[in-house]
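Heads up: the structure comes next, in structure tokens.
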Amino acid sequence: MKFYRKIIGERLYLSPFDAEDVEMYSKWAEWMNNKAVADSYGGNCNLVSLSGAKKMIEKFGGYRFAVVLLESDILIGHVSLHDVDHISRNAFMGICIGEDEYRDRGYGTEAVRLILSYGFKTLNLHNIMLTVHADNYAAIKCYEKAGFKEVGKCREWVYKNGKYVDKIYMDILEGEFKGEPV
């Protein structure tokens, strides 16, 4: 995989996805078949193949970036802005820190702040929204640290691991973003 230092933070950088990079799809498939990662998305019952991963990534389109460690060029996840509406100036954000050893170390928060800075300052967006399962406490904490606020929920929306879980909607407005990427 070849990475490009498009958006640089303190400990990581965001590199645009290469649409033809089979290794990237392979990593995505690996992450989506990891129980800890899949549980975050309610997809633990799904089997994700290489071709399935490619279709999922292409389906969302938008602005997709690999999350890469600055010092070692190790790929640890991905982050994106998708369903971008340039007229109303809004988008949805998605993120995954796929490598187990890099979760709960602040990399997700840094990647979120970098993509928010890109969305607000470069793409001129006004509102960025996301959804998260109510039992994904680490992600919720990450999003709140970046400035997201809960704006609604779908009660008992997702069935996983034998129980129903709420789906929470969170967003951040350009004026609420503190301006600095990290």
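Against the conditions (1) under 17 Å from the mean Cα position of the chain (by Cα); (2) within 26 Å of residue 11 (Cβ to Cβ), residue 133 satisfies every one except (2).
Restricting region 137-174 to residues that are outside any strand (DSSP E or B) and farther than 24 Å from residue 10 by Cβ, the residue that is farthest from the chain's Cα centre (by Cα) is 162. Counting the residues of region 82-102 that are touching a helix residue (DSSP H, G or I) at 6+ places or on another chain (Cβ under 7 Å), without any contact (Cβ under 8 Å) to a residue 60 or more places away in the chain and crowded, with 16+ Cβ neighbours inside 10 Å gives 4. Checking each residue in region 139-182 for being exposed (fewer than 13 other Cβ atoms within 10 Å of the Cβ), in contact with a helix residue (DSSP H, G or I) (Cβ under 8 Å, 6 or more places away or on another chain) and modelled with pLDDT under 95 picks out 161, 179, 180. Just one of (1) part of a helix (DSSP H, G or I); (2) closer than 21 Å to residue 168 by Cβ fails for residue 82. It is (1).
The values are calculated or read from the model by the stated rules, or taken from the named source; none is laboratory data. In this text, all values refer to a predicted model and were calculated from it rather than measured experimentally. Here the Cβ is made from the backbone with ideal geometry for all residues, glycine too, and neighbour counts use every protein chain on show.
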